[in-house]
Structure formats: C-alpha cells, structure tokens
Amino acid sequence: MTPAARISAAIEVLTDLIQRRRPAADALKDWGLARRFAGSKDRAAVASLVYDALRRRASSAHALGEETPRALVLGMLVSQRGMRADEIAALFTGQNHAPAPLTEFEVAGLATFDLSAAPGWVRADVPEWLWPSFVEAFAEHAVAEGEALAERAPVDIRANRLKTGRDALRSALAHLQPEMGAWSPDALRFQPGPDGRGPTLQSEAAFFAGEFEIQDEGSQLVAALAGARAGETVIDLCAGAGGKTLALAALMGNEGRIFATDLDSRRLSPLHDRLTRSGASNVEVRVPRSRGHDALSDLSGTADLVVVDAPCTGSGTWRRNPDAKWRVRPGALAERIKEQAEVLDRAAGLVRSGGRIAYITCSVLPEENDVAVEAFLARHPGFALVPMRDLLSAGEVDYGLLARFATQSGLQLSPARTGTDGFYLSCLAAPG
C-alpha cells in the first residue's frame, strides 16, 4: 500500500469505530480480515495512523472545524506527524486509492492550525466532561498532563530477579538498545519506533526463559511500594493476568505466600503459564468456581498485605489505549467507583490486625483515587493512612524524590511527572 492508501484506510477504520462506538482494536482487526492483501507493515502503519488520530481527537476537531474521521487524520498529520500543508496535499490527490483532494475549508484550517485560544480540555485532548477532574488533580499543570497522556508510550520491561538482574538482561538485549529505567531498579525501557511500536520482545530468548516481563515502570513502582516482605502472607485481590503478582513474587524472593484471585476467572487464565515461565513458586491461584463464590473464605483476617489493583477507568493508560478515553462515559465511572468501594471493603475483611492494604489504580482521576480512599476511611474508621515518608523509605530503594507527587491520601504517578503511566497508590494500615 502507498502512504496515501494507508491514510485512506485509516479514515475508513476511524469511520467504523466512531459510528459504531467500538474499540479501535476490533475495527482494525475487521479491516485487516477484509483486506488480506494488506501486509503486516501496512496493518501496523494503518494502526499507527488510527491511534495517533485518536490521541489528538479534540484538538484536531477544534483546529479543523469539524469532528469527522478525515478531519481527525488531517489534524494529526500536522500536530503529531509535523507535516506541512503542501506535504499533506500531495497525499490527498484522490488517485490510486488516495483520499479525495483537500477542500478550501480544509486548506484554510491546516494553514491556520492554532490551539492557543482553545479551551483547556481541547489543548489537553481530554474529554470535556472529565476536564474538571483533571484540573482538580493537576491544577495549573492539567493541560501538560493531558498532552503527555496523548503522546506515544515507550515499552518497559521488568527484569525478573528470580532468574537474572537488570544489568545482565540489558547486555542480553543490547541489540534492541534498551535504556535504564529512571525509578525502578528492575526496569528497562524501549522507545517506540516510527510506526509507534516498540521491538518484538516476546520473541526474544530471554522472554521464553522467563528473565523478564513486559510491565510499565509505574506498575513496577507501585508494586514495590506496596511493601510486600519475604515470608509474609499476601493476597492479590484483583490479580487479572498477574503482572503485579509476578512482581510481588520476585520482590519476596519466593519466600512467603501469595494468593492470587480475581472475580472474573477468565482474566486469570494467562497467569498459570506466566508463573511457570517466571520460576515463581510461592503463588497459589484461587479461581472462583462460580459467580459469587468466595475463593478466599478460609483466609479471612490472615493477610499481612492485601493488594487491591482496583478496576478503574484506565485514564492513566491513555497513551497505550487512546480510544478508551473517548469511549468512557459518566455511567462507567460511577460503576467503577462502586466496584472500588466493594473490593476495598472485601480487602478490609481479609487483612490481619496490624496488616495493611495497598490500594492501586491506573487512573489519574481523584474520584477513583483520593476520594475512594477517603470514603473507605469514613466507612472503616479503625484504618489509617500509612505516612508517605514511611511508604517511600521502607524498601530497598529510597524513593524520597517521589514525595513531591504525593496527594492528600496517596501518591500519583503520571507521564508528565514520572515518565510512567498514570498509577495511583495509597497504603492503609489495619487497626491493631
């Protein structure tokens, strides 16, 4: 496919996903299945165009004066790809599967592409209804935070210390030019290429040997700061595919016990193979036998640490899922808040006297973070916040520099602040 034909394809995919309000991955998959002639490079290029257009949806629509799939692509080519109007016009010829020629309206919009007078939510490329939450979370830095969440994300991996160390892993992957992580002692980072993707890490021998897992450095950080210690009993209450479970097992050096579960048993399926590959031997996966079945009923009041990687809007991962921010609705946020309260209350019944809960989200919205923690403390007055100074200095690394990102009740990471996805952590001490 020519570059112009790829742009036409991206406009077609965007039309499908916007009209049918479906995930970008589904629309791209259907497009690829219907066009077997498109090779892997073509599919990757079209996907990159689609995701980049979604990153800049609000600002492109504002600058071009309309929110059509074509306008979103045109705006993205200027703001994300840095193309000039004449370069864009050379691709929009209407010939050989190229998009139709630019209209006078479009030419004028490209020539005067300017966001300086646009509302904050437009410049930040954040849904308008969520803008008050962003301002509450980041104040005068809200636009910069939104812009950072609209950038392409790097690929981070966590060296599995059960099998190797970061320096040895870096040498083994030197041909892929890894960078050292800025915060986590186990993190390596790979910058995205021109197509927006990182290297194919899952084909590396070190991956098959279990020497690393793909995990954002922010996720590694909050797992480390949760404070799991060797020999403890830990429950990972919303384990999903097990990214944090594996990190906890490595941090504990396979000493102690980790019970991993999830209300959705299907999400646990990948964890079994990942555990085998990683060499983690202190994890027991508890799979609910049916809806409503409590797989942890025998563990009430026994856990030293309960990790709650709570269901949330995923607003902190918009760099990786740019279509998700335009599909989230107020009703979905309300449902996530309800689920967060339920899982925190469940955690309170599992933690032992004097134990602790680590509440984690991949969100930057105060409603899912500080507000959720404060509501929990109001329902459970015996619990107390673990002081931030204790949280940041208790592990093997002194994370004191992160203290400037403390919120009223926790710690907020973000792409603009820490170069990671937007993770939140609050630790709560049980009475006793």
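The values are calculated or read from the model by the stated rules, or taken from the named source; none is laboratory data. In this text, all values refer to a predicted model and were calculated from it rather than measured experimentally. We place every Cβ from the backbone using ideal geometry, glycine too, and count neighbours over all the protein chains shown. Quick note on the areas: whole protein, heavy atoms, side chains included, nothing else; ligands and nucleic acids left out. Shrake-Rupley method; radii C 1.70, N 1.55, O 1.52, S 1.80 Å.
Below are the figures for this structure:
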{"item": "Inter-probe distance in nm under a simple model that places probes 7 Å from Cα toward Cβ, at Ala403 and Glu179", "result": "2.7 nm"}
{"item": "Alpha carbon Rg of region 40-158, scaled by the compact-globule rule 2.2 N^0.38 Å", "result": "1.16"}
{"item": "All aspartates and glutamates inside 12 Å of Lys41 as judged from Cα atoms, apart from same-chain residues fewer than 8 positions distant", "result": "Asp195"}
{"item": "Gain in span if fully extended, Ala34 to His141, counting 0.36 nm per residue against the direct Cα distance", "result": "34.2 nm"}
{"item": "Accessible area of region 83-221 divided out per residue, in Å², using a probe of 1.4 angstrom", "result": "48 Å²"}
{"item": "Two-decimal ratio, region 366-426, of alpha-carbon radius of gyration to 2.2 N^0.38 Å", "result": "1.18"}
{"item": "Point-to-point label distance, Arg379-Glu66, nm (Cα→Cβ direction, 7 Å offset)", "result": "4.9 nm"}
{"item": "Top positive-direction residue, dipole computed over the chain with Cβ charges, set Ile235, Ser278, Met76", "result": "Ser278"}
{"item": "Segment Lys338-Ser116, extension gain: residue separation times 0.36 nm, minus the distance between their alpha carbons", "result": "76.1 nm"}
{"item": "Cα-based equivalent ellipsoid, region 106-180: semi-axes from gyration tensor eigenvalues, Å", "result": "40, 19, 8"}
{"item": "Axial C-alpha extent at least 18 Å, average Kyte-Doolittle at least -1.0 - helices from the chain (DSSP)", "result": "3-20, 40-55, 330-350"}
{"item": "Dipole magnitude of the chain about its Cα centre (Cβ charges: Lys, Arg +1; Asp, Glu -1), debye to nearest 20", "result": "880 debye"}
{"item": "Set of lysines with alpha-carbon distance to Lys338 below 25 Å, sequence-local pairs under 8 removed", "result": "Lys244, Lys325"}
{"item": "Candidates Ala249, Ala25, Ala34, ranked by Gaussian network fluctuation over the chain, Cα under 10 Å, top entry", "result": "Ala34"}
{"item": "Cα gyration tensor, region 304-428 - rounded (a/c under 1.5), prolate or oblate", "result": "oblate"}
{"item": "Rule-of-thumb Rg ratio for region 118-231 [Cα; 2.2 N^0.38 Å; N residues]", "result": "1.32"}
{"item": "5 angstrom amide H check on Gly65, placed H, neighbours 5+ away", "result": "none"}
{"item": "Accessible solvent surface per residue of region 303-432, calculated while the other protein chains remain in place, 1.4 angstrom probe, Å²", "result": "36 Å²"}
{"item": "Inter-label distance, nm, simple model (7 Å from Cα along the C-beta direction), Arg320/Ser281", "result": "3.0 nm"}
{"item": "The chain - percent of accessible surface contributed by carbon and sulfur, probe 1.4 Å", "result": "51 percent"}
{"item": "Amide hydrogen neighbours beyond the local backbone of Arg197, cut-off 5 Å, H modeled", "result": "none"}
{"item": "Rg over Rh, two decimals, the chain (C-alpha only, Kirkwood Rh)", "result": "0.99"}
{"item": "Karplus 3J(HN,Hα) series, Hz, for region 176-187 with 6.51 cos²θ - 1.76 cosθ + 1.60 (x for Gly, Pro)", "result": "9, 6, x, 10, 6, x, 7, 10, 7, x, 10, 8"}
